[in-house]
Structure formats: structure tokens, C-alpha cells
Amino acid sequence: MLRRLPEAVVNRIAAGEVVERPASALKELVENAIDAGAGRIDCALRQGGAASISVDDDGAGIARDELALALERHATSKLADDDLVDIRTLGFRGEALPSIGAVSRLTITSRANGASEAWRLAVDNGSIGALEPAARAGGTRVEAAGLFRAVPARLKFLKSARAEYLAAADMLKRLAMARPALAFSLEHDGRRAWASPAASDLLARLADVLGAEFADNSVPVALEADGLRLTGHAGLPTWHRGTAQAQYLFVNGRPVRDRLLQGAVRAGYEELVPRGRFPVLALFLDVPPDRVDVNVHPAKTEIRFRDAGRVRSLIVSALRRALAEEGHRAAMPAAAAPLVGRFRPGGSSTPPLALAERASEWQAPLDPALAPSAPPPAPEAPGAAGLPLGAARAQLHDTYIVAQTGDGIVLVDQHAAHERLVLERMRRALAEGRPPRQALLLPEVVELDEAGAERLAAKAGELAELGLVLERFGPEAVLVRETPAALGEADAKGLVRDLADDLAEHGLALALKERLEDVAATMACHGSVRAGRRLGAQEMDALLREMEATPRSGQCNHGRPTYVELKLADIERLFGRR
């Protein structure tokens, strides 16, 4: 038998879509304060917001005769023309206050601009009380107490007070990031937890939210095209986290969680951040209201773009340009920490004698007869002044280049660095057309399984356009005749086997040109200087100079750093000289 549900039940069902937890209630109340033109917003929570949530602002306030209307569902002042396309406010549904009032004891105290007195109205889990006068200078204070106390099924799903507080604080900070001109504060259980005064610029607010370290390890992002505008700050590729929680994305000032935007960020940092790590950033996208739909879900964190491809392209281009313009700047705030942790005078697990023996690797033995096949001393390296990566001074373990800069030292992973350089050479060659090839003096036979040989033979034409010339050589082998010139002395066997594995994973349907970056990266890996190869002074310096002239050379093709830098001040701190 069909029947109408009671109004109170209907309101609680609707509230479940808007108010999932204390953080979502706080979000709705703060958004109302922002839309009201507040310059200051003070928030307070008790027991993570489950006991009470209050938001106090100095905005326009609510007139006496509109207080009761504010508690009716779908009553709003934000859609003057009833236009759901041209939305320029954070709220617009008229659901927040009635939804919160349906699952808590909600009290609104407000004094509208120009009014002679303030008024208070309370609603207890859907039951509206009487309007009464109150004392207030201006603006609005909204308090929601006992959230979900009348809805035990929802209450039991709340997490600990600490977890709910952290979620609410994160939500408030996200809203604050998009409004640097507003002052925000947050109290929890009577203690001031966070405050951010009105900031003169975006970076100052971001520093308040993400920490002062963010300002030192981020680059400005700004790009405008096709009516879209992207601004913000992006963390350096070497400054990353284990989750995407520190990626703050906004559309028209609204914090959102959108797969399209998250995917664009991944593409912008492709090959620059290690797999499984996430850059820290805050990006603000401004889109004409008629080209984005925010009316997708009551929580308003999901959106739809009319032209998703243009949005993605703008974000990817802006990030790549901003990161490329920074050249070789790297985040090194904790670079010295591993060194300090591995050796503590008086507390090292490594015996002093062993340390002395290791130190002997840095210099030739005193007795020339004890130095088997020692290389001749390298010529004096050029001066370090004016060279960002310095002048090469030594090579450690035939793997790491030590360079001296004007104010410190740089340690370079020769394989990682050269891998990036080779990839960028290949990209340039491919962009200019058919890349130059070099014929092998003796064609190389690479043995594979029959399926792998078949896959490579099927793609031989496309591989030739990329500079790799091979042909079928029996049922289970291919013959490599030419390799891309940019690879130099490439590991042809390893390259061909990796390409065969790659084709097995992705199949033959997708053209290699569509995965040009992946193929080029695979080739570059097998054409780079290997760890364990001894380099001369001129080779090391040539590598450093090419790194300085090559974009994205601070990270290898897999996102790992190619070098670390220690300033003299860092070294002096290690030895207690500062």
C-alpha cells in the first residue's frame, strides 16, 4: 500500500544526502557565510563536531521576516533568476539549513545589515520554535548541537572525535584556500586549533594551510586559453606525498574531487614523480558558469564539464610549462636527514676502522705499488662559479658524479640523469620528423618466444619510423639492423625484449605512435650510461652541462631524482659548525 512519508522522515532522508558527517555540515554553514559576504568566519567544534558545530560571521545577516523561510527546504536567495546554469555562488539548492535542522538542534542568531536588532530562531530535529529577539552586533551565528542524536543509525557510523575533527578541519582549510582575503579560525573543544588572517596574496594563505615549506618548494601556475583560466601553485616534482590528500583542486572557487582533474594532474607530472607518489599542489580553475555543471550531487563536490578535453589540456600544459620554467630547482628541505641518521659519532653501528677503510676509497693509496690499474689523475675541472650543477670533481663507485658548485656540492646519479637526457633527445628528433638511425656494424640477433617475435614483426614498420629497424629471423628471433642514433651504444637485446613485453601487455591494436612517450622511454632506458661505467672528467662535465640545458632533467624517466644538492650551510650543520 502506497502512502506519503511524514514530513520529518522526508527531511531526514534528504538530510542524509547533504549532511553525511560533521565536516559536511560545517562545509554548508561556512559556504553560507562566504556567500553572505563575510570578511571573518570563526568556527568552533566540540567532540569533533558531533556534540556541536558553530559558525560565526560578519556577513550581511538574515532579516527577521526571512529567518523562518531560511529553514524551509529549497528556499534560497542565491538564484534570483531561477537559473541553474549561471551559478556564481557556493550554495544554491536551499537545502543546507533545513537539512542540518532535521538532524540536530539548530539555532540561528542573526542581525541583518541596517537592522536595529538581532533575532534568534531554533529548530529541534525538524521542530521549529518561536522567533525571539537576541543581542548581536551584526552578521550571523549558526550552531548545530547533538548532530544525529535523533538518528542513531547515522550516529553509529561516525568515526572517533579526532577523526571527525580532522575531516572538518581539512574541509575548512580547503574553503579558506580559495578565499585568501577572508579571515578564518577554528576551535576544537575550547582550544584554538587553527587560524589564518586575511592574506594579501594566495601563496600566503597556502602557506598557512600547507605549511611554510610549501612556499619554498612550489612554483606558480598560470595559463589562460579558450575562456578557461588556471592559477595556483604546484609542488616541485621532488616534493611529494604517499597519498593524493594534499592535492587541492578548485573550480570557480569550489573545492571539488574530480577524476578528470586528478588525471590531468597525473599527466602533467608524468615521468617526474615516482610511481605511487603524489605531488602537492593547489590549482584554481575558472570556467564560465555555462560550461560547467555543479548541480550533479547535493554535496556539490562532483562536477561535469561541457568540454572536458579542453580542461584537461589546459591543466597538463600549464603544469608542464610551470615545472619546465623552474629548470633544475629541486626540493631538498630534508636532504641531509638520511646522512645524519646513518652516522652518529659515538653511536654508529659501523666500527671506526670500517669507516676509515671506506674513506680510503676517496683517495689513491699512499704506496703506488698498491694501486692496481689506478686511473690517471683527472685534469683540473673548470671553475664552479656560474654553473648551476657545478664542476665535476670525482666519481664514486663508478655510479655517482660529485660536482662542486659555488656554494655547495651536487651528487648526480649518472644513469638516471643520462636516461632523461636520451629521452629528451629522442623527443626532439621525433618532433622534427623521422629520427636519425645508426646501422649496427654486426646485426644483433635477439632470441624471443614465437609470440614475442611475431608481435615485433607485426610492428616492424612503425618501429622503423621511430628509428629501430628489425626483421624476423626464424620463428623465435628477430634481427636488429639499426637503432635510433640518439641512443648511442644501446643495449639492443634488452631494448627489443622490453618492447616485446610491452606489446604483449598492450596488444597490437594500439599504434606505437599513440604510445610514443612509453616507447621512447623504454628506448632511452637502454641507451643511457649505466651505473658501474667509469667516466672521464670531460664526460662528467659534458653530462652536467647537458643536464643544465635540458628540461625536466631533475628527474629520470621514472620520476626519481637525478641529483641531490647540499649547500655549504647544510654540510656545516651536519658537522655542528652552525
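The values are calculated or read from the model by the stated rules, or taken from the named source; none is laboratory data. None of these values were measured; they are calculated from a predicted model. Counting neighbours? That spans all protein chains shown, and the Cβs are built from the backbone with ideal geometry, glycine included. These area figures cover heavy atoms from the full protein model, side chains too; ligands, DNA and RNA do not enter into them. Shrake-Rupley method; radii C 1.70, N 1.55, O 1.52, S 1.80 Å.
Please find, within the stretch 463-474, the residue that is surrounded by the fewest Cβ atoms within 10 Å (Cβ to Cβ) out of those that are within 13 Å of residue 440 (Cβ to Cβ) and modelled with pLDDT of 90 or more.
The initial filter retains those residues of the stretch 463-474 that are within 13 Å of residue 440 (Cβ to Cβ), namely 467-471.
Narrowing the set further to residues that are modelled with pLDDT of 90 or more leaves 469-471.
Details: 469: 19, 470: 24, 471: 13.
Taking the candidates together, the pick is 471.
Using the structure shown, decide if residue 283 is at pLDDT 90 or above and open to solvent by less than 10 Å² (accessible area, probe 1.4 Å). Lay out the reasoning, then the answer.
Values: at pLDDT 90 or above: yes; open to solvent by less than 10 Å² (accessible area, probe 1.4 Å): yes.
Criteria met by residue 283.
Under 8 Å between Cβ atoms, which residue pairs at least 6 apart in sequence (or on different chains) link something in the stretch 475-494 that is open to solvent by 30 Å² or more (accessible area, probe 1.4 Å) and part of a loop (DSSP other than H, G, I, E, B) with a partner that is of a type in the set (Asp, Glu) and modelled with pLDDT of 80 or more?
Note: pairs meeting the criteria are 475/450; 476/447; 476/449; 476/450.
Consider residue 568 against the criteria (1) modelled with pLDDT of 85 or more; (2) within 24 Å of residue 237 (Cα to Cα); (3) open to solvent by less than 50 Å² (accessible area, probe 1.4 Å): it satisfies all of them except one. Which criterion is unmet?
Only one criterion in (1) modelled with pLDDT of 85 or more; (2) within 24 Å of residue 237 (Cα to Cα); (3) open to solvent by less than 50 Å² (accessible area, probe 1.4 Å) is unmet by residue 568, namely (3).
Could you please let me know if residue 163 is under 17 Å from residue 23 (Cβ atoms), part of a helix (DSSP H, G or I) and more than 20 Å from the chain's Cα centre (by Cα)? Give the steps one after another, and end with the answer.
On the way: under 17 Å from residue 23 (Cβ atoms): yes; part of a helix (DSSP H, G or I): yes; more than 20 Å from the chain's Cα centre (by Cα): yes.
The answer is yes for residue 163.
If we keep just the residues of the stretch 232-250 that are modelled with pLDDT under 90 and small (Gly, Ala, Ser), which is surrounded by the most Cβ atoms within 10 Å (Cβ to Cβ)?
246
I need the full set of residues from the stretch 539-572 which are among the small types (Gly, Ala, Ser) and closer than 16 Å to residue 387 by Cβ, in order please.
Step one: of the stretch 539-572, the residues among the small types (Gly, Ala, Ser) are 542, 549, 553-554, 559, 569.
Once the filter is applied, which keeps residues that are among the small types (Gly, Ala, Ser) and closer than 16 Å to residue 387 by Cβ, the stretch 539-572 yields 542, 549, 553, 554.
Does residue 204 count as open to solvent by 10 Å² or more (accessible area, probe 1.4 Å), assigned to a strand (DSSP E or B) and not aromatic (Phe, Trp, Tyr)? Please lay out each step first, then the result.
Values: open to solvent by 10 Å² or more (accessible area, probe 1.4 Å): yes; assigned to a strand (DSSP E or B): no; not aromatic (Phe, Trp, Tyr): yes.
Judged against the criteria, residue 204 is not a match.
Can you tell me which residues in the stretch 409-456 are in a strand (DSSP E or B) and surrounded by 20 or more Cβ atoms within 10 Å (Cβ to Cβ)?
410, 412, 446 - these are the residues of the stretch 409-456 that are in a strand (DSSP E or B) and surrounded by 20 or more Cβ atoms within 10 Å (Cβ to Cβ).
Among what's in the stretch 207-229 and is assigned to a strand (DSSP E or B) and closer than 24 Å to residue 172 by Cβ, pick the residue that is nearest to the chain's Cα centre (by Cα). Can you show your working first?
In the first step, residues of the stretch 207-229 are kept if they are assigned to a strand (DSSP E or B); the result is 218-225, 228-229.
So of that shortlist, the ones also closer than 24 Å to residue 172 by Cβ come out as 218, 221.
Values: 218: 11, 221: 13 Å.
This residue is 218.
So residue 142 passes all but one of these: (1) of a type outside the set (Gly, Ala, Ser); (2) surrounded by fewer than 18 Cβ atoms within 10 Å (Cβ to Cβ); (3) closer than 17 Å to residue 70 by Cβ. Which condition number does it fail?
The number of the failed condition is (2).
Go over the candidates 154, 229 one by one and state the one that is in contact with a Gly (Cβ under 9 Å, 6 or more places away or on another chain), surrounded by 15 or more Cβ atoms within 10 Å (Cβ to Cβ) and not aliphatic (A, V, I, L, M). Don't jump to the end; show me each part of the working.
On the way: 229 fails: in contact with a Gly (Cβ under 9 Å, 6 or more places away or on another chain).
Testing whether each residue is in contact with a Gly (Cβ under 9 Å, 6 or more places away or on another chain), surrounded by 15 or more Cβ atoms within 10 Å (Cβ to Cβ) and not aliphatic (A, V, I, L, M) leaves just 154.
What pairs come up if the first residue lies in the stretch 385-401 and is among the charged types (D, E, K, R), the second is open to solvent by 80 Å² or more (accessible area, probe 1.4 Å) and part of a strand (DSSP E or B), and their beta carbons are under 8 Å apart, counting only those six or more places apart or on different chains?
393/404
Does any residue of the stretch 174-186 turn out to be charged (D, E, K, R), in contact with a Phe, Trp or Tyr (Cβ under 7 Å, 6 or more places away or on another chain) and either open to solvent by less than 50 Å² (accessible area, probe 1.4 Å) or under 30 Å from residue 58 (Cα atoms) (or both)?
Scanning the stretch 174-186 turns up at least one residue that is charged (D, E, K, R), in contact with a Phe, Trp or Tyr (Cβ under 7 Å, 6 or more places away or on another chain) and either open to solvent by less than 50 Å² (accessible area, probe 1.4 Å) or under 30 Å from residue 58 (Cα atoms) (or both).
What are the residues in the stretch 46-61 that are farther than 19 Å from residue 167 by Cα and either in contact with a helix residue (DSSP H, G or I) (Cβ under 6 Å, 6 or more places away or on another chain) or of a type in the set (Gly, Ala, Ser) (or both), if any? Spell out the reasoning first.
In the first step, residues of the stretch 46-61 are kept if they are farther than 19 Å from residue 167 by Cα; the result is 56-61.
Answer for the stretch 46-61, where residues must be farther than 19 Å from residue 167 by Cα and either in contact with a helix residue (DSSP H, G or I) (Cβ under 6 Å, 6 or more places away or on another chain) or of a type in the set (Gly, Ala, Ser) (or both): 57, 59, 60, 61.
For the stretch 98-107, state whether one or more residues are within 24 Å of residue 37 (Cβ to Cβ), among the hydrophobic types (A, V, I, L, M, F, W, C) and crowded, with 21+ Cβ neighbours inside 10 Å. Lay out the reasoning, then the answer.
In the first step, residues of the stretch 98-107 are kept if they are within 24 Å of residue 37 (Cβ to Cβ); the result is 98-101, 106-107.
From the residues that got through so far, the ones that are among the hydrophobic types (A, V, I, L, M, F, W, C) too are 100, 106.
Then drop every residue that is not crowded, with 21+ Cβ neighbours inside 10 Å, which leaves 100, 106.
Yes, the conditions are met somewhere in the stretch 98-107.
On the given criteria, is residue 120 among the basic types (Lys, Arg) and open to solvent by 40 Å² or more (accessible area, probe 1.4 Å)?
Against the criterion (among the basic types (Lys, Arg) and open to solvent by 40 Å² or more (accessible area, probe 1.4 Å)), residue 120 qualifies.
Find the residue count for the stretch 187-201, including only residues that are of a type outside the set (A, V, I, L, M), surrounded by fewer than 20 Cβ atoms within 10 Å (Cβ to Cβ) and in a strand (DSSP E or B).
Start the filter on the stretch 187-201 by keeping residues that are of a type outside the set (A, V, I, L, M), which leaves 187-192, 194, 196-197, 200-201.
Cutting the leftovers down to surrounded by fewer than 20 Cβ atoms within 10 Å (Cβ to Cβ) gives us 187, 189-192, 194, 197, 200-201.
After this cut, where a residue has to be in a strand (DSSP E or B) as well, the list is 187, 191-192, 194.
Going through the stretch 187-201 one residue at a time, the tally reaches 4.
For the structure I just gave you, tell me whether residue 504 is closer than 17 Å to residue 423 by Cβ and modelled with pLDDT under 85.
Numbers: closer than 17 Å to residue 423 by Cβ: no; modelled with pLDDT under 85: yes.
Criteria not met by residue 504.
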